[in-house]
Amino acid sequence: MLDQGAQGWRKARASADRDDCVEVGEIPTGAEVVAVRDTKAGGTGPVLGFTADAWSAFVADVKHSDRFAV
């Protein structure tokens with residue numbers, strides 16, 4: 001897990017008024033790292049880091065899979 005040093009936190013527009021989603025941000029380390037955290041923790045909970053390639057693959061899978069349909 002990473003610390004809270006990530007910047008540019010954002011969440012999906014569809015989740016803008018909800019507190020039960022995740023936010024993504026960038027880690028300012030020079031490497032392409034995507035930070036992910038749960039919004040229910042109010043910005044104080046654990047932060048997970050993923051390579052940009054791993055995050056892109058996950059997002060593509062979610063967008064193209066009916067396993068995640070709501």
For T29 and D53, extending 7 Å from Cα along the Cα-Cβ vector and measuring point to point gives, in nm, a value of 1.6 nm
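When Lys and Arg each count +1 and Asp and Glu each count -1, what net charge do the other residues less than 14 Å away from G8, Cβ to Cβ, add up to? Write out the running numbers ahead of the final one.
Numbers: positive: R10, K11, R37; negative: E23, E26, E32.
Computed value for this residue: 0.
Which sequence of D66, D20 reflects their accessible areas, 1.4 Å probe, from the largest down? Mind dumping the intermediate values first?
Details: D66 130, D20 85 Å².
The most accessible residue leads, giving D66, D20.
The values are calculated or read from the model by the stated rules, or taken from the named source; none is laboratory data. Note that the coordinates shown come from a computational prediction; the quantities given were computed from them, not determined experimentally. All Cβ positions, glycine included, derive from the backbone under ideal geometry; neighbour counts span all protein chains shown. Surface accessibility is based on the protein's heavy atoms, side chains included, excluding ligands, DNA and RNA. Shrake-Rupley method; radii C 1.70, N 1.55, O 1.52, S 1.80 Å.
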